[in-house]
Amino acid sequence: MSQPIILAIESSCDDTSAAMIRGSQILSHTVASQEIHQKYGGVVPEWASRKHQVNIVPVVSMAIQQANIPQNQIDAIAFTRGPGLLGSLLVGVNFAKSFAMAHQIPLIEVNHMQAHILAHFISDANPTPPQFPFLCLTVSGGHTQIVKVKDYFEMEIIAETRDDAVGEAFDKIGKLLGLQYPAGPEIDRLAKIGNTNAFEFPLPKLQELAFSYSGIKTSVLYFLQKMEKENPKFIQENLYDLAASVQKTLVESLMVVLEKAVLQTSIQEVAIAGGVSANSALRQALIQKKEWNTYLPKFEYTTDNAAMIAMVGSLKFERKDFAPMSIDAQARLPI
Ligand code: KG4
Ligand code: ZN
């Protein structure tokens, strides 16, 4: 049988994205990012769903056009069921159901967190895909977890955050530094020029396999308040060094737990995924781990994207794992 062609849509947060895939080969991939949230310093759920509503048809049409495949050759439609913002997810779920009904094709539900990990199996993602079992550090604006991936759909979370996600920490500390949302990419850019050892912030000291960001965030806040009392231009005059020092602390906090997880599991096959996996210091830290086999996603597969949803769609199509028309969106969905 020839490889299935699948259309996929992702609308879990603030990016509307569509992709077409044949087997594991991406044929097209489009993303409409919502700039409106920058004004508010974070994602406004009501705005996000309204923008998805406007963007979904043009984004899907563009993906189909760019793949140059007639609509009647699409074998199934995959969509993000959760986790995510409910109003945003509903736009994608309902679009997918209508498309499946109109074209009489199967519907495939995708777990967003599994998709971030399984993006490593897209044919152009890695020279060779990770071998099972592997560990995946999934780091985004909503999640910070280490997942033991035993098989495509057999995953176990072995470490999680106790409070904020690391992407959230980048964004909140960035806000303290006067940067726009999302601040992660900007901190990464500024840090390239700064001195990573200029300022020191404490790392969390947790006994168990877990992450925590509230302590780092508070210590940066108190430090800035103290320094600004002495010099109101402190942030402005030290922005590069602040970005570099904060980034170093956040990346170190991830690496400490990841190293522990590798020791505990004896698994040296290690991937990273999610928006923060675009971070250059984190990528560098992974590259330096010569004794591990590391897998870094291509930049287009790090932040939210429908290519990863399409990859899961393809794997589920092979397994004839289809969703009923009564399927609902789920803001919380276990991996
Ligand atoms: O996976 P994602 O696109 O959306 C969620 O599911 O949350 O991740 C977005 C997060 C934001 O917090 C953003 O600041 C962060 O990823 N991010 C980065 C970088 N690029 C995106 N953080 C640090 N360095 C980057 N280069
Ligand atoms: Zn995500």
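Condition check ((1) more than 17 Å from L296 (Cβ to Cβ); (2) surrounded by fewer than 17 Cβ atoms within 10 Å (Cβ to Cβ); (3) under 20 Å from the mean Cα position of the chain (by Cα)) across all residues:
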| position | (1), (2), (3) |
| --- | --- |
| V93 | yes, no, yes |
| I105 | yes, no, no |
| P133 | yes, yes, no |
| S140 | no, no, yes |
| E156 | yes, yes, yes |
| A169 | yes, no, yes |
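What residue, among those in segment 82-121 that are within 16 Å of ligand 1 (Cβ to nearest atom) and assigned to a loop (DSSP other than H, G, I, E, B), is farthest from V44 (Cα to Cα)?
P83
Got a number for residues in segment 146-175 being within 22 Å of I36 (Cβ to Cβ) and either aliphatic (A, V, I, L, M) or at pLDDT below 95 (or both)? If you could, list the steps in order and put the result at the bottom.
First pass over segment 146-175, keeping only residues within 22 Å of I36 (Cβ to Cβ): 165, 167-168, 170-172, 174-175.
Restricting the remaining residues to those that are either aliphatic (A, V, I, L, M) or at pLDDT below 95 (or both) gives 165.
Residues that pass the stated criteria total 1.
For residues that are among the polar types (S, T, N, Q) and not in a helix (DSSP H, G or I), scanning just segment 264-295, find the one that is farthest from E186 (Cα to Cα). Working first, answer last.
So in segment 264-295, the residues among the polar types (S, T, N, Q) come out as 264-266, 268, 277, 279-280, 284, 288, 293-294.
If we keep only those that are not in a helix (DSSP H, G or I) as well, we get 266, 268, 279, 288, 293-294.
Numbers: S266: 35, Q268: 31, N279: 10, Q288: 23, N293: 29, T294: 25 Å.
Filtering segment 264-295 for residues that are among the polar types (S, T, N, Q) and not in a helix (DSSP H, G or I), the one farthest from E186 (Cα to Cα) comes out as S266.
Which residue, of A261, A244, is within 30 Å of L315 (Cα to Cα) and part of a helix (DSSP H, G or I)?
A261
Kindly establish whether V257 is within 21 Å of T302 (Cα to Cα), touching a Gly at 6+ places or on another chain (Cβ under 7 Å) and either touching a residue at least 40 places away in the same chain (Cβ under 8 Å) or within 16 Å of ligand 2 (Cβ to nearest atom) (or both).
Here the answer is no, as V257 does not meet what is asked.
Could you go through segment 284-305 and let me know if any residue there is acidic (D, E) and more than 23 Å from A125 (Cβ to Cβ).
Checked segment 284-305: no residue is acidic (D, E) and more than 23 Å from A125 (Cβ to Cβ).
Can you tell me which residues in segment 11-50 are free of Cβ contacts under 8 Å to residues at least 24 places away in the same chain and under 19 Å from the mean Cα position of the chain (by Cα)?
S33, Q34, E35, V44
Can you name every residue in segment 279-335 that is among the charged types (D, E, K, R), within 13 Å of ligand 1 (Cβ to nearest atom) and surrounded by fewer than 22 Cβ atoms within 10 Å (Cβ to Cβ)?
R283, E300
Among (1) in contact with a strand residue (DSSP E or B) (Cβ under 8 Å, 6 or more places away or on another chain); (2) away from ligand 2 (no atom under 16 Å from the Cβ), there is one condition R332 misses while meeting the rest; what is its number?
(2)
The values are calculated or read from the model by the stated rules, or taken from the named source; none is laboratory data. Please read all numbers here as calculations on a predicted model, not as lab measurements. Counting neighbours? That spans all protein chains shown, and the Cβs are built from the backbone with ideal geometry, glycine included.
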